[in-house]
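Read through the structure below, which is laid out as structure tokens, and then see the notes.
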Amino acid sequence: MDMEKIVSLCRRRGFLFQSSEIYGGLNGFWDYGPLGVELKRNVKEAWWRDMVSQHDDMSVIPGAPSTYEMTGLDCTIIMHPQVWKCSGHFDLFCDMMQTCRQCKKLVRADHVQDMLNNADWTNSFAAECFVTRPDGGATFDSGAALRWAKHRKFGRRLSPGLALVRNPEVTMSWLAEDVENGTAGELTLSLVLSYMATEQKNQTGLQMPCPHCGGDLTEPREFNLMFESYAGAIKSEDNRVFLRPETAQGIFVNFKNVVDSTRVRIPFGIAQVGKSFRNEITPRNFTFRSREFEQMEIEFFCHPDTSKEWYQYWRDRRFRWYIEHGLAEGRLQLRDHDPDELSHYSTGTADIEYAFPFLADGEFGELEGIAHRGDFDLRSHMEGKLDPKSCPLEVELGEDGKPKYKGSGRDLTYRDDLTNERFTPHVIEPSAGADRATLAFMCEAYTEDEQPDEKGKMQTRTVMKFHPRLAPVKAAVFPLVKKDGMPEVAKDLYKALKAKFPVFYDEKGAVGRRYRRQDEAGTPYCITVDGDTLTDNTVTLRDRDSLEQIRIKLDDVVDEIESRIG
Ligand code: ATP
């Protein structure tokens with residue numbers, strides 16, 4: 001499918017506009033137009049309804065290990081700066097960036113990607129530890145490296161993670177002794193270590209030319225993706241605050257408040273929908289990578305013993321949700337970061353990905369990540385964090401390890417009032433993007449077919465085949481002509497429908513053209529009041545996808561549409 005056509009329809013029909021367009025737009029920021037706002041609201045509402053408000057907490061949902069409760073939160077975008085220090089975002093939420101000495105353009109440092117491309121990756125280490133981003137860059141996931149190392153029984157050697165970073169060469173030879181997979185393992189490990197050493201010393205292993213002009217690039221610098229501002233009148237370090245780069249942390253810091261103020265018992269989930277901000281170096285692909293976007297996140301708290309089953313449950317449940325709302329299974333994939341690691345008890349991450357039309361054949365872009373996070377977040381907010389610069393691995397506090405950032409000191413453990421057991425809950429995090437989901441639903445809906453016009457001539461029809469639950473407008477009402485009392489009947493019907501859901505009324509132009517406008521908006525049903533309506537009280541109901549037209553009683557229209565959109 002041609003992305004250009006989708007982008008042009010979005011603008012023409014009022015789904016999406018560039019932010020501040022009359023001033024030339026602002027890169028990475030998008031406004032939802034009259035149809036887009038309804039579509040995105042429907043995506044968020046469907047998610048909230050299915051995950052939270054209509055969740056049945058009395059019955060076991062198929063696939064779930066037990067019943068569970070769901071509740072919600074709406075936290076602020078700006079939070080105490082310590083939140084981001086203890087979560088790791090302050091130090092680690094970075095991309096590497098270079099500047100071209102000639103053309104002065106900013107370039108995302110992609111030497112890691114280059115290493116990936118040139119290496120013979122015969123084991124899963126690279127897939128797990130270097131997260132390749134849809135925009136071509138790669139992010140090194142140090143937590144995953146530690147988990148991988150533990151999984152491969154390198155934990156013994158790696159546990160003093162500091163040694164790994166402080167003296168990569170020594171550590172490399174230790175590791176080489178232990179490598180199970182022969183040269184491939186050595187190669188991957190040495191690349192990882194050289195990357196880490198590179199980061200440590202702030203120098204590149206490989207010098208890449210500027211992709212814009214071929215010029216020399218500066219040394220890579222870390223670039224933190226969090227937007228900054230100041231709370232209060234004085235712009236001082238003490239007043240520096242950050243716009244949240246994810247909604248999750250608001251949930252973790254409120255964990256105790258929720259437990260204490262409600263009667264929720266573990267297992268339970270807390271959901272939040274809201275804006276997040278990331279100063280992405282290269283925003284691109286329409287809304288896919290924006291600087292301001294909305295997330296729909298769940299932190300699901302469970303007992304460590306059942307966390308693996310809950311991880312499986314959420315991974316499968318969230319995958320099904322996209323299919324239930326119309327994404328074709330053939331264009332979706334559930335990608336486990338490391339299949340070997342899934343059998344390992346404590347951790348795992350899977351991405352739900354969609355074959356967006358702007359990607360090359362066979363490539364997929366992330367819609368949602370489902371992560372088994374263990375007790376990492378709650379512990380960090382209790383105990384604080386080691387200096388992640390000297391120890392980028394997410395190690396637990398060592399015996400003599402002093403946290404660089406003090407935690408809250410609050411007890412975020414949980415006591416089961418039936419068994420009296422006290423433990424730090426494990427967390428499963430399904431983290432979805434509302435804008436990426438909306439974009440996927442738009443790409444999936446965009447269809448062109450050949451249909452006869454009023455004169456029987458075949459014409460290309462553009463139709464947005466949204467799932468009726470997501471369609472911005474559910475029905476349109478037309479009087480066939482603007483006379484003989486037809487508009488009056490049609491307007492009464494419009495009002496009756498409008499009391500239930502968004503409906504459109506249109507009396508201008510040929511009826512065929514009115515149908516086609518609604519097809520482009522994705523309206524699933526059109527109802528036409530004609531001459532017969534005035535005598536037998538029936539109307540024509542047209543189905544957007546099958547184009548079938550049936551006659552139904554005027555009095556039945558509201559119920560019929562309601563039952564069809566579900
Ligand atoms: P990516 O690798 O594509 O940058 P991520 O792995 O950093 O994504 P997460 O931190 O897991 O993303 O965020 C969860 C979800 O939030 C993503 O699956 C995506 O749907 C959404 N999201 C993240 N960054 C952006 C962005 N810049 N623009 C739009 N949506 C985003």
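Bear in mind these aren't lab numbers, they're just calculated from the coordinates by the rules spelled out. Quantities reported herein were computed from a predicted structural model and do not represent experimental measurements. Virtual Cβ from ideal backbone geometry, glycine too; neighbours counted across all protein chains shown.
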Quiz item: Ranking Phe358, Phe300 by Cβ neighbours within 10 Å, fewest first, what do you get?
Solution: Phe358, Phe300
Quiz prompt | Projected label distance in nm at Tyr230 and Thr413, using a 7 Å step from Cα toward the beta-carbon | solution = 4.3
Quiz item: Sorted from fewest to most neighbouring beta carbons within 10 Å, what does the list Arg221, Arg12 look like?
Solution: Arg12, Arg221
Quiz item: All other residues with a Cβ under 10 Å from the Cβ of Asp416 taken together, and with Lys, Arg as +1 and Asp, Glu as -1, what is their net charge?
Solution: +1
Quiz item: Modelled label-to-label distance, Lys482 and Lys495, 7 Å Cα→beta-carbon offset: nm?
Solution: 2.1
Quiz item: Using θ = phi - 60° and the Karplus curve 6.51 cos²θ - 1.76 cosθ + 1.60, what whole-Hz ³J(HN,Hα) does each residue of the stretch 355-366 get, with Gly and Pro shown as x?
Solution: 7, 4, x, 7, 9, 5, 3, x, 9, 10, x, 5
Practice problem: Assuming R0 = 30 Å, can you tell me the calculated FRET efficiency for the pair Arg12 and Asn254, based on Cβ-Cβ distance, to the nearest 0.05? | Solution: 0.10
Exercise. Provide the net charge surrounding Thr535, with neighbours chosen by a C-beta distance below 14 Å and charges set as Lys +1, Arg +1, Asp -1, Glu -1.
Key: -2
Quiz item: Taking 0.36 nm per intervening residue step and subtracting the Cα-Cα distance, what contour gain separates Arg265 from Ile22 on full extension?
Solution: 82.3 nm
Quiz prompt | Formal net charge of residues neighbouring Val489 (Cβ-Cβ distance under 14 Å; K, R +1; D, E -1) | solution = -3
